[in-house]
Amino acid sequence: MEYLKCPWCGCSHNRYENKCSNCGGVLTHKADFYKNVLKNQETGVSELTALVKKIARYLAVITLILTVGLSFYFFKKTPAKLTYIKPTLTVMDNTSAASVTDKRAEAANIPEAPSAAEGGRNPCRLNVANNAGLKVYLVTRHSGLQDSKYQFGASGHEVRESEVVINKPGENIILVLMAYDPVLWKISKTFSTLVSGVVLAGYHEQMLYGLPKLTPVLRAIYETKSECAYFYDSLNSGGQEHYIMQRIAEITGSAPLEIINSAHNGKFYVGDTESVSKLIEYSDQDFDTFMQTHLKQRQVTIDEVAPKEEGIRQLIREGKIRPAGTSDIERWARAAVKNHNSAQHRMHLGFTYVIVKTMQFPRGMYGAHSKAFILSEHVSMPLGDIAHNAVYMLENGVCEGLTC
């Protein structure tokens, strides 16, 4: 049985009594005592929670006030003044050319070329000796116009040649040459045309021939990792003409007056094609000697046999092949039957040649440039890339190649 002790006089009472019979004091039961303790604890937690919430609200208000104040302080500052740079455009005497220039510059919105830091050198600025009345012309194509027996660069892409004829009498020009594949540019000009500088741009290596050694040349080519970043675009619809125009303006100081991307009689013409007078090529050496001097310097290689059709004509001149006749084709068919091979073939007169001496395949004989060759007895298989050619061997009636 639970007993309660009077807190006033110390006498004992049972748990059913609420009042001391001795002194009249109020008796406190343990259960009530525990309830009061728990009640006090709950009250303390609630008060603490309320205090934390109140502090959090104060902090949120202070943070908001600071954020608004700092934002107002920083955005209130006057921004730096912006200087508008007016594009510099070169205007031709010809009214139509001037209108083309204005439209191109307006569409591209080209800024003035950036200047180098004080005391420094701008690798993307073409410095010319005479910049009076400079006019810029752009010649561009994905690859060259003609096959070349010279190969250079590390890309392995076929090098092609492009001849550029400049006929701008009395003009002081900068020539921009742009291509994706490696191109050997051969320049010739009329006497009274002044070429003050050249820009070579593209993805793969480019080479220039036909201008004086002292002519300033700026290279913006990816393959050779030039100081000036490369640029190239086909300038077709949806291309990056604006970017190309801007890069050229940064390098030369003005936008191109004209873009030449189509050839006339196998050449690019900058200017009139009808009234071309005597052309001048400025070079201390003829073309082949010039290329020989670059064999090691630019990793230039020379094909023993010219590419494609020119290579076939060369092999005929050298007596290494001859055009095949009907008897040559029938002779191979008999050899095939004799050796239990199929006599079917794709040889046609005019496209089939008999190999009579050791030779090397011309480069680039793919698709429509491919030929059929009949290999005479005791003559070794041709060297080089067989490409899409077919070789029919008289010795055993076997055919080798993609079209066999």
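The values are calculated or read from the model by the stated rules, or taken from the named source; none is laboratory data. The model shown is predicted, which means the values in this text are computed figures rather than measured ones. Don't worry about glycine lacking a Cβ; one is built from the backbone with ideal geometry, like all the others, and counts go over all protein chains shown.
Results for (1) closer than 22 Å to I173 by Cβ; (2) crowded, with 19+ Cβ neighbours inside 10 Å; (3) in contact (Cβ under 8 Å) with a residue 12 or more places away in the chain, shown as yes or no for each residue.
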site: G239; (1), (2), (3): no, no, no
site: H242; (1), (2), (3): no, no, yes
site: L257; (1), (2), (3): yes, yes, yes
site: A263; (1), (2), (3): yes, no, yes
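Of all residue pairs spaced 6 or more apart or on separate chains, those with beta-carbon atoms under 6 Å, a first member in the stretch 372-396 that is in contact (Cβ under 8 Å) with a residue 40 or more places away in the chain and a second member that is part of a strand (DSSP E or B) and aromatic (F, W, Y) are F373/Y353; I374/Y392.
The rows are residues; the columns are (1) under 33 Å from the mean Cα position of the chain (by Cα); (2) among the aromatic types (F, W, Y); (3) surrounded by 17 or more Cβ atoms within 10 Å (Cβ to Cβ).
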{"position": "K357", "(1), (2), (3)": "no, no, no"}
{"position": "P362", "(1), (2), (3)": "yes, no, yes"}
{"position": "Y366", "(1), (2), (3)": "yes, yes, no"}
{"position": "F373", "(1), (2), (3)": "no, yes, yes"}
{"position": "L383", "(1), (2), (3)": "no, no, no"}
{"position": "A387", "(1), (2), (3)": "yes, no, yes"}
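In the stretch 336-347, the condition of being surrounded by 12 or more Cβ atoms within 10 Å (Cβ to Cβ), assigned by TED's automatic domain parsing to the domain that holds M393, assigned to a helix (DSSP H, G or I) and in contact with a strand residue (DSSP E or B) (Cβ under 9 Å, 6 or more places away or on another chain) is met by at least one residue. Suppose the filter is at pLDDT 90 or above and within 30 Å of A306 (Cα to Cα); does P256 pass it? Against the criterion (at pLDDT 90 or above and within 30 Å of A306 (Cα to Cα)), P256 does not qualify. Of the residues making up the stretch 214-225, those that are crowded, with 18+ Cβ neighbours inside 10 Å and touching a residue at least 40 places away in the same chain (Cβ under 8 Å) are L218, A220. Do we find a residue being assigned to a helix (DSSP H, G or I), at pLDDT below 75 and assigned by TED's automatic domain parsing to the domain that holds K5 anywhere in the stretch 52-68? Scanning the stretch 52-68 turns up no residue that is assigned to a helix (DSSP H, G or I), at pLDDT below 75 and assigned by TED's automatic domain parsing to the domain that holds K5. A single member of A343, A387, A368, A324 is at pLDDT below 95 and either of a type in the set (D, E, K, R) or over 27 Å from H157 (Cα atoms) (or both), and it is A343.
Of the residues making up the stretch 390-404, those that are surrounded by 14 or more Cβ atoms within 10 Å (Cβ to Cβ) and within 17 Å of Y353 (Cβ to Cβ) number 9. Here T289 clears all of (1) at pLDDT below 85; (2) assigned to a loop (DSSP other than H, G, I, E, B); (3) β-branched (V, I, T) except the condition numbered (2). Assuming T224 fulfils every condition listed in (1) under 23 Å from T273 (Cα atoms); (2) part of a loop (DSSP other than H, G, I, E, B); (3) out of contact with any Lys or Arg (no Cβ under 9 Å at 6 or more places or on another chain) apart from one, which condition is it? Condition not satisfied by T224: (1).
Going through (1) touching a strand residue (DSSP E or B) at 6+ places or on another chain (Cβ under 6 Å); (2) surrounded by fewer than 17 Cβ atoms within 10 Å (Cβ to Cβ) one by one, L211 falls short only on (2).
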